[in-house]
Amino acid sequence: MKLQWTEKGLSDLVRLYEFLAPIDPRAATRTVRSLANAPGRLVTYPRIGEKLAQYEPREVRRLLIGHYEMRYEIQDDTIIVLRLWHTREDR
């Protein structure tokens, strides 16, 4: 399996960092690094996340990483990270 980030997924990482950095830059760096590394385990276990039926026939899943939610899609041999946000955000 290959891992790929969408432009929106990457911009979510930047947005989260920019929100957290003024409060605690080191914590912001740790959090974003952890979130950026989290999809690595999907390469081995791609279906670990909960499948979201509303996106069928696409195989879109969600993975909770602490207080953050990551949405990703499985397409053939590729895992595509779609979006990422804090679960307290108004989505």
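Every number in this text was worked out from the coordinates using simple rules, so none of it is lab data. Predicted model, so just to flag it, every value in this text is computed and none were measured. Every residue, glycine as well, gets a Cβ built from its backbone with ideal geometry; the counts of neighbours run over all protein chains shown.
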Helix 25-37 versus the longest principal axis of the chain: what is the Cα-based angle in degrees, 0 to 90, to the nearest 10? 10
Per 5 Å bin, what percent of the C-alpha pairs of the chain does each bin hold, from zero upward? 3, 14, 25, 25, 17, 10, 5, 2, 0
Simple SL model, points at 7 angstrom along Cα→Cβ for GLU59 and THR29; separation in nm is 3.8
Subtracting the Cα-Cα distance of THR87 and ALA21 from 0.36 nm times their residue separation yields 21.9 nm
Per-residue [θ]222 nm for the chain (sum of -39500 (n - 2.57) over DSSP H runs n ≥ 4, rounded to 500): -10500 deg cm²/dmol
